Amino acid sequence: MKYNPDIHHRRSTRLRGFNYSRSGAYFVTICAKNRQCLLGSVVDGEIRLNDAGNMVQTIWEGLPNRFPFIELGQFAVMPNHVHGIIMLMDSIHRRGESRIRPNPHIGPNQGDHKDRPYGTLTGTIGRIIQTFKSATTHEYIIGVRQYGWLPFFNKFWQRNYYERVIRNEVELNQVRQYIQDNRFNWETDEENPQKDNKDGKGWLKMKITLAILADYANITREGKLNILGIFDVIHAQDFPVVHPQMQLVMRFEADISEAGKTKKVEIQLMDEDGKRLFVLDGQFTLGQGRPGEVMGSNQILTFNMLKFENAGHYEFKILINDELKAEVPLKVVKFVPSS
């Protein structure tokens, strides 16, 4: 179903009477866009942060330098989200911001809130989260460009964030324990994209963690993935239009149980009516790895002189052993030059 603003309008879940700049403690959860595991991994209950995860932790720990009226409590960086406690210590010089009071039950995802639902005011939780997202996104982009970090598409963080008010010491201790134990519950965490990707024996089936279109990509001898010109829209003055070259960039991941196994890989290009324009078939074998770690392999597929008869919405579907694993949208639009 296509987006319809009359049907799919976003509705804030906050009540306009609650002052989110008053003193108190708040439990917040911020998730990466599309649940991409960009910040590290969890192995045997141990969080192993990569350089991006360490960057996120450093910026979080530096928030009191930007906002001297806050103190930070328990905090954890997970592979694709963060949990933290923020305490507002002084409300004398800060204005209120209308939001909805979250559900009082303990849980990571209580209340899905916009960064700027009614305009983010100084001294509010929304402003703090907005600053955190902006600073970490900036540093992550530098990491992609200079150090070969895994790229993200469109947004680093998802649009909103989750938070709830901590009303007393009992709740505070419960939240602290939840954050501390989160790494032990990663296998069943709702934010874990591998949660529903296990076989009957508990092994991680092969999956695709990255699938994007780009003008050019390559893989260095060290295995670093370089990507230039990520896009999802093609502009054309006339139809049919022939796109000279594009590359489909993918990353396959699985655990050691998949090592050496040959998989059937199928790429389909579909139009908005569900018509299959072409199919590419091939095979792929994931190499060897170490027990307990996720193995990964970057793959690049080049399309030359790809022809589109009409403007519209297209989609690349990626299947492994006939099971759909990823979809990559592509919009082809009529370019109207300005007069």
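Coordinate-derived values only; no laboratory data. All values derive from a computational prediction rather than experimental measurement. No Cβ is skipped: glycine too gets one built from the backbone with ideal geometry, and neighbour counts run over all protein chains shown.
Quick notes
- Theoretical gain in end-to-end length, Arg176 to Phe335 [0.36 nm per residue, Cα-Cα removed]: 51.9 nm
- Estimated from the Cβ-Cβ distance and a Förster radius of 25 angstrom, the FRET efficiency linking Glu46 and Ala259 is about 0.70.
- When you work out D = kT/(6 pi eta Rh) for segment 207-334 at 10 °C and 1.306 mPa s, using the Kirkwood radius from C-alpha pairs as Rh and the Stokes-Einstein form, the result is 101 µm²/s.
- Label sites at Tyr216 and Thr58, each approximated as a point 7 angstrom past Cα along Cα to Cβ, lie 3.0 nm apart.
- Calculated FRET value between Gln283 and Met87, using beta carbons and R₀ = 56 Å, to 0.05: 0.55
- In nm, spacing of pseudo-spin labels at Asn310 and Arg276 (7 Å Cα→C-beta vector): 2.0 nm
- Cα→Cβ-extended label distance, 7 Å offset, between Thr302 and His235, nm: 2.7 nm
- Using a cut-off of 31 Å between Cα atoms, the listed pairs Lys33/Lys334; Lys155/Lys224; Lys224/Lys334; Lys261/Lys331; Lys207/Lys307 include Lys224/Lys334; Lys261/Lys331 as exceeding that distance.
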